[in-house]
1. Which whole-number percentage describes the relative contact order of segment 1-59, with Cα contacts under 8 Å and a sequence gap of 6 or more?
2. Under a Cβ-only charge scheme (Lys and Arg +1, Asp and Glu -1), can you give me the dipole magnitude of segment 1-59 about the Cα centre, in debye to the nearest 20?
3. Taking only the Cα atoms of segment 1-59, how large is their convex hull per residue, in Å³?
4. How many nm separate the modelled label positions at ILE27 and ALA50, each set 7 Å beyond the Cα in the direction of the Cβ?
Amino acid sequence: MNAVYTVRYTKTESGYTGQLVEWPAVISEGVTLEECRDMVIDAAREMTIAYREQGMQIPEESNVIDHIMKSSALEAETRRRYNLKKGGG
């Protein structure tokens, strides 16, 4: 059975870093997003082998994925709700 993990990609000066949310020890980087993705998949394979060889438990996949997007409407609602001035405080 295949597991489904969530990857968090971060843009860096040299390209991208990718890390599994549920298994933070799996982290890699690449110049392009596609290369980073391939490297994270490879790192996950290698970590799976290493964990099995050492008798370690492989972290379980996540069952909940949620995406939120920062928007001007969300910022306005947050400022209104917490009585904040525009620009931070």
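1. Working: 77 pairs, mean separation 13.0, N = 59.
RCO, segment 1-59: 22 percent.
2. On the way: 5 positive and 9 negative charges, 42 e Å.
The dipole magnitude comes to about 200 debye.
3. Working: hull volume 4.5 nm³, N = 59.
Convex hull of Cα atoms, per residue: 76 Å³.
4. Between ILE27 and ALA50, the simple spin-label model gives 1.2 nm.
Read the figures in this text as sums done on the coordinates, not as results from a lab. None of these values were measured; they are calculated from a predicted model. Backbone-built Cβ (ideal geometry, glycine too); neighbour counts: all protein chains shown.
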